[in-house]
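Written out below as structure tokens is the structure these notes cover.
The values are calculated or read from the model by the stated rules, or taken from the named source; none is laboratory data. Source: prediction; values computed, not measured. For neighbour counting, all protein chains shown are included, and Cβ atoms are generated from backbone atoms with ideal geometry for every residue, glycine included.
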Amino acid sequence: MGLFSGRRAGDNPPEWLILGLGNPGSQYEHTRHNIGEHAVRALANSLNANFKSGKNDAWVAETRVGEHRIVLGVPITFMNESGRAAASLIKRFGLGDVERLVVVHDELDLEPGVVRVKSGGGLAGHNGLRSIAQHVSSRDFTRVRIGVGRPPSADRGADWVLSKVPQRDREILNVGASVACEAVELIVANGIQAAMRSVNSR
């Protein structure tokens, strides 16, 4: 039985798995690299969903968007091991199509606060995406990319995403996180293509 056929007879699996990327620990709160986690936690809050820990290398919340059953996940591993949670949750919930894995993450190639929805494609040097692609043996998962902008110089990329965002700049990233939440709900309710048309034209 393959990774995407873990459903047991009689199960009613969720339609979507939403994974918000970040690093664990208080020292990484309010960093650019954790904006994906921030967005998914905000989405859980808006849906009155509570996270539970202890399994699948992730905090997990089961909830619904309208009539659509979804799972929200936040890996408890460091970013470069995000794929462990993705693969484990896919197997646990019997997700049947890798496109229905939606990864919310920071994106250096977008201006701060800009959000774009993307289906499949390259990994853009992102360690979390690379880990997920390796563990699920596919790059065809859906991405909700939240722009954090580029560092002042190319050799400061790691410092840029791992440093705390100054208070004056947090609001624009909070707006981006809110748009990302909206993007996830559009994906779930209307499909990936409809969400891309709506979000990517802004």
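To keep it simple, each residue is scored yes or no on (1) modelled with pLDDT of 95 or more; (2) surrounded by fewer than 18 Cβ atoms within 10 Å (Cβ to Cβ); (3) closer than 21 Å to E182 by Cα; (4) not basic (K, R).
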position: M79; (1), (2), (3), (4): yes, no, no, yes
position: S82; (1), (2), (3), (4): yes, no, no, yes
position: A86; (1), (2), (3), (4): yes, no, no, yes
position: L89; (1), (2), (3), (4): yes, no, no, yes
position: L101; (1), (2), (3), (4): yes, no, yes, yes
position: S119; (1), (2), (3), (4): yes, yes, yes, yes
position: G128; (1), (2), (3), (4): yes, no, no, yes
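Among the residues of the stretch 63-75, is any closer than 20 Å to A189 by Cα, within 14 Å of the chain's Cα centre (by Cα), modelled with pLDDT of 95 or more and of a type in the set (K, R)? Can you show your working first?
Start the filter on the stretch 63-75 by keeping residues that are closer than 20 Å to A189 by Cα, which leaves 63-73.
Then drop every residue that is not within 14 Å of the chain's Cα centre (by Cα), which leaves 70-73.
Those still in the list that are modelled with pLDDT of 95 or more too: 70-73.
With the extra rule that they be of a type in the set (K, R), the set shrinks to none.
Taking every residue of the stretch 63-75 in turn, none turns out to be closer than 20 Å to A189 by Cα, within 14 Å of the chain's Cα centre (by Cα), modelled with pLDDT of 95 or more and of a type in the set (K, R).
Looking only at residues that are within 17 Å of the chain's Cα centre (by Cα) and either at positive phi or small (G, A, S) (or both) in the stretch 190-202, which one is surrounded by the fewest Cβ atoms within 10 Å (Cβ to Cβ)?
Filtering first and then ranking leaves G191.
Can you tell me how many residues in the stretch 11-60 are under 15 Å from the mean Cα position of the chain (by Cα), assigned to a helix (DSSP H, G or I) and modelled with pLDDT of 95 or more?
Residues flagged as under 15 Å from the mean Cα position of the chain (by Cα), assigned to a helix (DSSP H, G or I) and modelled with pLDDT of 95 or more within the stretch 11-60 amount to 11.
Return a yes/no flag: does the stretch 158-171 have any residue that is within 22 Å of I76 (Cα to Cα), buried (at least 18 other Cβ atoms within 10 Å of the Cβ) and at pLDDT 95 or above.
Within the stretch 158-171, none of the residues are within 22 Å of I76 (Cα to Cα), buried (at least 18 other Cβ atoms within 10 Å of the Cβ) and at pLDDT 95 or above.
For the structure I just gave you, tell me whether G113 is surrounded by 14 or more Cβ atoms within 10 Å (Cβ to Cβ), of a type in the set (G, A, S) and farther than 22 Å from T77 by Cα.
Details: surrounded by 14 or more Cβ atoms within 10 Å (Cβ to Cβ): yes; of a type in the set (G, A, S): yes; farther than 22 Å from T77 by Cα: yes.
Yes.
Are any residues in the stretch 101-150 small (G, A, S) and either touching a residue at least 40 places away in the same chain (Cβ under 8 Å) or closer than 20 Å to V175 by Cβ (or both), and if so, which ones?
Of the residues in the stretch 101-150, the ones small (G, A, S) are 113, 119-122, 124-125, 128, 131, 133, 137-138, 147, 149.
Across the stretch 101-150, the qualifying residues are G113, S119, G128, S131, A133, S137, S138, G147, G149.
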